[in-house]
Amino acid sequence: MEDTNASNNVNSLQLVINKSKNIVFFGGAGVSTESGIPDFRSMDGLYNQKWKYPPETIISRTFFYNNTKEFYRFYREKLLVDGIKPNAAHYKLAELEEKGRLKAIVTQNIDGLHQMAGSKVVYELHGSTLRNYCLNCHKFYDANFIRESQNAPDGLPHCSDCSGLVKPDVVLYEEGLDDQIIQKSIEAISKADTLIIGGTSLVVYPAAGLIRFFQGDNLVLINKSETAQDSIASLVIHDSIGKILSQIKA
């Protein structure tokens, strides 16, 4: 394992990228926090001051069906963040894809910022707040539809065609990940010669378990804090993902 000092971090990563032809990026909440999106896992104290239930309880399948109005009150305020924009990490990854070095992004985030930055091949393990669908007829709606539904008589989003309840296309607690997305993510990771993991502590499973399919030469970890996988990485950088990637030349 090589844990480089601050002056050598960028150079070390640049050398890895220069030698790589098939890079896959696996990202977590830390990629989006630099765009102003809070990581609710680290904010339980704040949430508990305002909400009757912990975030993990509210964003669960059981709670969605049993306390739908309270679910959407939380969802609109905490997960539909207005005015968010991609940051340096998102843009650099899109540039690396455009240059042919980066083949795929596997993300645990649900904000759609990778696509907004220009990335094309993005596997969203936990879905996206930008997509919503009717549970009855499966008609799709955008995020604005969910926002505006707070003005409905019951405060809930109902399908304009069949009046069915509209649900965000995100994976809630107690729900399984999409098999097709998982398979595509495994295929991409298993073919990569370099896997860059950024902005995640690798504690959320089954998503974090996907890295075991990596068989390439370079496993790079970029995270502000230590992770359980630091010891198996070929390059470890404890720093801001945006700060590091912004200095990389595609």
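Starting from residues that are acidic (Asp, Glu) and not in a strand (DSSP E or B), keep the ones in segment 129-180 and report whichever is nearest to the chain's Cα centre (by Cα).
Checking each candidate, the answer is Asp178.
Would you check which residues across segment 181-198 are assigned to a strand (DSSP E or B) and in contact with a Leu (Cβ under 6 Å, 6 or more places away or on another chain) and list them? Don't jump to the end; show me each part of the working.
Filtering segment 181-198 down to residues assigned to a strand (DSSP E or B) leaves 194-198.
Matches in segment 181-198: Leu195, Ile197.
Which residue pairs have Cβ atoms closer than 6 Å, lie 6 or more positions apart in sequence or on different chains, and pair a first residue in segment 165-185 that is aliphatic (A, V, I, L, M) with a second residue that is assigned to a strand (DSSP E or B)?
Within 6 Å, the pairs are Val166/Asn132; Val166/Cys134; Val166/Tyr141; Val170/Gly127; Val171/Gly127; Leu172/Ser60; Ile181/Tyr123.
Residue by residue through segment 77-101, note down the ones that are in contact with a helix residue (DSSP H, G or I) (Cβ under 6 Å, 6 or more places away or on another chain) and assigned to a helix (DSSP H, G or I).
Residues satisfying the conditions are Ala88, Ala89, His90, Tyr91, Lys92, Ala94.
Only one residue in Ser119, Ser35 is more than 27 Å from Gln183 (Cα to Cα), within 15 Å of the chain's Cα centre (by Cα) and open to solvent by less than 50 Å² (accessible area, probe 1.4 Å). Which one?
Details: Ser119 fails: more than 27 Å from Gln183 (Cα to Cα).
None of the others qualify; the one that does is Ser35.
With the checklist (1) over 20 Å from the mean Cα position of the chain (by Cα); (2) farther than 17 Å from Ile110 by Cα; (3) among the charged types (D, E, K, R) in hand, flag the one item Lys184 doesn't pass.
Just one mismatch for Lys184, condition (1).
Scan segment 143-164 and report the pairs whose first residue is among the β-branched types (Val, Ile, Thr) and whose second residue is at pLDDT 95 or above, with Cβ atoms within less than 6 Å and a gap of 6+ or a chain change.
Taking only residues 6 or more apart or on different chains, the pairs are Ile146/Asn132; Ile146/Pro157.
Listed here are the residues, each with its yes/no results for (1) at pLDDT 95 or above; (2) under 24 Å from Glu34 (Cβ atoms); (3) among the β-branched types (Val, Ile, Thr); (4) within 17 Å of the chain's Cα centre (by Cα).
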{"position": "Leu195", "(1), (2), (3), (4)": "yes, yes, no, yes"}
{"position": "Ala208", "(1), (2), (3), (4)": "no, yes, no, yes"}
{"position": "Ile211", "(1), (2), (3), (4)": "no, yes, yes, yes"}
{"position": "Val220", "(1), (2), (3), (4)": "yes, yes, yes, no"}
{"position": "Ala233", "(1), (2), (3), (4)": "no, yes, no, no"}
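Would you confirm, using the coordinates I've provided, whether His114 is modelled with pLDDT of 95 or more, within 20 Å of Ile17 (Cβ to Cβ) and not basic (Lys, Arg)?
Yes.
Go through segment 77-111 and give me each residue that's among the charged types (D, E, K, R), under 24 Å from Tyr205 (Cα atoms), at pLDDT below 95 and surrounded by fewer than 23 Cβ atoms within 10 Å (Cβ to Cβ).
Across segment 77-111, the qualifying residue is only Lys78.
Under the condition of being touching a residue at least 60 places away in the same chain (Cβ under 8 Å) and buried (at least 16 other Cβ atoms within 10 Å of the Cβ), which residue from segment 229-238 is farthest from Asn18 (Cα to Cα)? Even if it seems obvious, please write down each step before you answer.
Narrowing segment 229-238 to residues touching a residue at least 60 places away in the same chain (Cβ under 8 Å): 230-238.
Still in the running and buried (at least 16 other Cβ atoms within 10 Å of the Cβ): 233-238.
Numbers: Ala233: 18, Ser234: 15, Leu235: 15, Val236: 17, Ile237: 17, His238: 21 Å.
In this case the residue turns out to be His238.
Could you tell me whether segment 48-70 includes any residue that is out of contact with any helix residue (DSSP H, G or I) (no Cβ under 7 Å at 6 or more places or on another chain), aromatic (Phe, Trp, Tyr), open to solvent by less than 20 Å² (accessible area, probe 1.4 Å) and part of a helix (DSSP H, G or I)?
no
Conditions tested, residue by residue: (1) over 18 Å from Asn22 (Cβ atoms); (2) assigned to a loop (DSSP other than H, G, I, E, B); (3) under 19 Å from the mean Cα position of the chain (by Cα).
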residue	(1), (2), (3)
Thr200	yes, yes, yes
Tyr205	yes, yes, yes
Gln215	no, yes, no
Lys224	yes, yes, yes
Thr227	yes, yes, yes
Lys243	yes, no, yes
Gln247	yes, yes, no
Ala250	no, yes, no
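The values are calculated or read from the model by the stated rules, or taken from the named source; none is laboratory data. Keep in mind the model is a prediction, meaning the values are calculated, not measured. FYI the Cβ positions are ideal-geometry reconstructions off the backbone, even for glycines, and counts take in every protein chain you see. These area figures cover heavy atoms from the full protein model, side chains too; ligands, DNA and RNA do not enter into them. Shrake-Rupley method; radii C 1.70, N 1.55, O 1.52, S 1.80 Å.
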